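Undergrad: Structure in structure tokens, see below.
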Amino acid sequence: MHADPPVRTDPPYVPIRTSAWPQRRMSKWIYLVGVALLLIAVLVGLVHKPSQAEKASDLRGFLQEVTSDIESCAAGVSESLQALRLVQSGADATAGDVNAGISVAQQGSANCAPANNEQIDDLQTVQVSESLDSYRLAGAVTGLVNWAAPDAEQVQNDVANVLSTSSAQARSRAEAQLTAALAVLNRQGAAVNSVVDAAMRSLGVHEPRLQLPG
């Protein structure tokens, strides 16, 4: 008679898994719906066109930004020319008036350089909204930078030269150079404003023109 085998007390053997637990696969329909929604979102973004009101709002923001950036340089041009006219129109102009005019012109010229004026430096990086791409305003920004440097710089340097001359012959040459520099400055300013004015007319925006003295 054979004895019964001993009773096992160790846990039953479970083989070690060599692969991941089975995962529930995403339904093909759920995947397709997700792709379709993504495509719809992309198409809506492409199809959307800004309204006239949105464009007008973007243009006002653009004008505020570039006006703020150019105003200090433009103010220097006005002050330099006013100082020159003050000396030229007054027979009793003193040496102090002349020296003050030279200082104003030299400081104004330096203030129109991007390296010396954070506002002009910022002007170089102005980004025009995509809604305004058709209005050529990016070119107007470049033109405005050029109005400041080198054009406004040159005008104010020439003002300082006129005030610094001691002889009639030297003064005549300096005044001729100033006249030529002013003509360049005014053409540049007119070109910039013609682009900006066209955009304002097209969008019905009533804002002050860019003040670019010359």
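The values are calculated or read from the model by the stated rules, or taken from the named source; none is laboratory data. Given the structure is predicted, the values throughout are model-derived calculations rather than measurements. As a convention, Cβ positions derive from the backbone with ideal geometry for all residues, glycine included, and neighbour counts pool all protein chains shown.
Undergrad: Those residues that are buried (at least 16 other Cβ atoms within 10 Å of the Cβ) and closer than 19 Å to VAL155 by Cα, I need them from the stretch 115-127; list them, please.
TA: Of everything in the stretch 115-127, those that are buried (at least 16 other Cβ atoms within 10 Å of the Cβ) and closer than 19 Å to VAL155 by Cα turn out to be ASN117, ILE120.
Undergrad: Give just the number: which of (1) loosely packed, with under 15 Cβ neighbours inside 10 Å; (2) farther than 18 Å from VAL66 by Cβ; (3) not small (Gly, Ala, Ser) does VAL155 not satisfy?
TA: The single condition VAL155 does not satisfy is (1).
Undergrad: Can I ask one more? In the stretch 76-109, what residues are exposed (fewer than 13 other Cβ atoms within 10 Å of the Cβ) and among the charged types (D, E, K, R)?
TA: Once the filter is applied, which keeps residues that are exposed (fewer than 13 other Cβ atoms within 10 Å of the Cβ) and among the charged types (D, E, K, R), the stretch 76-109 yields ARG85, ASP92.
Undergrad: May I pose another question? Go through the stretch 169-214 and give me each residue that's among the hydroxyl-bearing types (Ser, Thr, Tyr) and either under 26 Å from VAL87 (Cα atoms) or touching a His at 6+ places or on another chain (Cβ under 9 Å) (or both).
TA: Once the filter is applied, which keeps residues that are among the hydroxyl-bearing types (Ser, Thr, Tyr) and either under 26 Å from VAL87 (Cα atoms) or touching a His at 6+ places or on another chain (Cβ under 9 Å) (or both), the stretch 169-214 yields SER172, THR179.
Undergrad: Same structure again: May I ask you to verify whether GLY61 is loosely packed, with under 15 Cβ neighbours inside 10 Å, at pLDDT 65 or above, among the small types (Gly, Ala, Ser) and more than 26 Å from ALA149 (Cα to Cα)?
TA: no
Undergrad: Additional query: When TRP21 is evaluated against the numbered criteria (1) part of a helix (DSSP H, G or I); (2) modelled with pLDDT under 70; (3) of a type in the set (Phe, Trp, Tyr), which criterion, by number, is the only one it fails?
TA: Condition (1) is where TRP21 drops out.
Undergrad: Within the bounds of the stretch 60-67, is there any residue that is part of a helix (DSSP H, G or I), free of Cβ contacts under 8 Å to residues at least 60 places away in the same chain and within 16 Å of ASN193 (Cα to Cα)?
TA: Yes, some residue in the stretch 60-67 is part of a helix (DSSP H, G or I), free of Cβ contacts under 8 Å to residues at least 60 places away in the same chain and within 16 Å of ASN193 (Cα to Cα).
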